[in-house]
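Heads up: the structure comes next, in C-alpha cells.
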C-alpha cells in the first residue's frame, strides 16, 4: 500500500519498546525524513533496563546508560525530541495505562504519521518479535485508533493536561513479514551505522555490525527491485481513515 507523500507530512512520532529498536529498524529512513525537514519525535516505552551484555556494569546504571545512548543516536539522525515512558523492560503489556501514555504523546506531538513495531510475530526472524515489541505495536495501534482521536477516551488528558484529540493519518509498521513499502537508505546508511554504534551497551560486542546491517538492507533492496548495491528498509503501511 502506498504511503502518503512525504511532502504531506510535517510531523512523525516513532513509538518503540526499547532504546535501539528504532535504529535497527528505521534509522536510515528517519535520517532521510529529518533531512527533508520533517520533525520526528521518539517515544520509547522502556529504559531498556533488562538489556546490556557487560556483567561488570551495575544493573542500576543500565537505564541511564541506555537513555543517554538513545539520545545520542537520535541526534545523529536529526531527532531531538525523545520521551521515555518508563514501563518495565521485559514486562510490557497492552494496558490502559500504556495506551493512555502513548495517546498522550500522539496528542502532544500531533503527527500525521506514526512509525511503530509490528504486533504480528515474524517467524522468519524471531528477534524482531520480542514480546515487548509486539505489545508496544499493539498498544500504539490502539492509541492511534481509537484512543487518541476520541475526545472521550482517557479524558484526563484533556481535563488535566489540555491535550485535545488528534487523528493520525497513517501508521508504518517495522519488523513484520507483510512489508509493502521500501525506503532506499543507501545514502543514509552511514548515519544508521553511526547511530547504532552509540548503543555501545548493545552493539559493542558485535564483531561485524555494519556487515549484518548491510546484509539485511540488501535483502530489502532486492525485495524492492532496486539495483545491485542499493540498500532499503521495509515497512507495512496502514491507513487509518
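Listing for the model above:
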item	result
Some residue of the stretch 131-138 being surrounded by fewer than 21 Cβ atoms within 10 Å (Cβ to Cβ) and either farther than 24 Å from residue 213 by Cβ or out of contact with any strand residue (DSSP E or B) (no Cβ under 7 Å at 6 or more places or on another chain) (or both)	yes
Given (1) in contact (Cβ under 8 Å) with a residue 12 or more places away in the chain; (2) within 28 Å of residue 47 (Cβ to Cβ), number of the condition residue 212 does not satisfy	(1)
Scan of the stretch 110-128 for residues that are in contact with a strand residue (DSSP E or B) (Cβ under 9 Å, 6 or more places away or on another chain) and part of a helix (DSSP H, G or I), ordered by number	128
One residue from 177, 173, 141, 196 being touching a strand residue (DSSP E or B) at 6+ places or on another chain (Cβ under 6 Å) and either assigned to a helix (DSSP H, G or I) or within 13 Å of residue 234 (Cα to Cα) (or both)	173
Among (1) surrounded by fewer than 21 Cβ atoms within 10 Å (Cβ to Cβ); (2) under 27 Å from residue 53 (Cβ atoms); (3) at pLDDT 95 or above; (4) touching a helix residue (DSSP H, G or I) at 6+ places or on another chain (Cβ under 7 Å) - the single one residue 190 does not satisfy	(4)
Residue match in the stretch 36-48 (condition: surrounded by 24 or more Cβ atoms within 10 Å (Cβ to Cβ) and at pLDDT below 95)	yes
For residue 52: the one exception among (1) closer than 30 Å to residue 184 by Cα; (2) surrounded by fewer than 21 Cβ atoms within 10 Å (Cβ to Cβ); (3) touching a helix residue (DSSP H, G or I) at 6+ places or on another chain (Cβ under 6 Å)	(1)
Subset of the stretch 73-109 that is within 16 Å of the chain's Cα centre (by Cα) and part of a loop (DSSP other than H, G, I, E, B) - its residue that is farthest from residue 171 (Cα to Cα)	89
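The rows are residues; the columns are (1) more than 24 Å from residue 106 (Cβ to Cβ); (2) under 17 Å from the mean Cα position of the chain (by Cα); (3) touching a residue at least 40 places away in the same chain (Cβ under 8 Å).
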site: 163; (1), (2), (3): no, no, yes
site: 177; (1), (2), (3): yes, yes, yes
site: 183; (1), (2), (3): no, yes, yes
site: 193; (1), (2), (3): yes, yes, no
site: 196; (1), (2), (3): yes, yes, yes
site: 206; (1), (2), (3): yes, no, no
site: 224; (1), (2), (3): yes, no, yes
site: 236; (1), (2), (3): no, yes, yes
site: 239; (1), (2), (3): no, no, yes
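Quick grid of which residues meet (1) surrounded by fewer than 16 Cβ atoms within 10 Å (Cβ to Cβ); (2) touching a strand residue (DSSP E or B) at 6+ places or on another chain (Cβ under 7 Å); (3) closer than 27 Å to residue 154 by Cα:
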residue: 57; (1), (2), (3): yes, no, no
residue: 64; (1), (2), (3): yes, no, no
residue: 70; (1), (2), (3): no, yes, no
residue: 73; (1), (2), (3): no, no, no
residue: 83; (1), (2), (3): no, yes, yes
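Residue-wise test of (1) under 27 Å from residue 220 (Cβ atoms); (2) in contact with a strand residue (DSSP E or B) (Cβ under 9 Å, 6 or more places away or on another chain).
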{"residue": "9", "(1), (2)": "yes, yes"}
{"residue": "16", "(1), (2)": "yes, yes"}
{"residue": "20", "(1), (2)": "yes, no"}
{"residue": "26", "(1), (2)": "yes, yes"}
{"residue": "38", "(1), (2)": "yes, yes"}
{"residue": "61", "(1), (2)": "no, no"}
{"residue": "78", "(1), (2)": "yes, yes"}
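The values are calculated or read from the model by the stated rules, or taken from the named source; none is laboratory data. Note that the structure is predicted; figures quoted are calculated from it, not measured. So basically every Cβ, Gly included, is an ideal-geometry build from the backbone, and we count neighbours across all protein chains shown.
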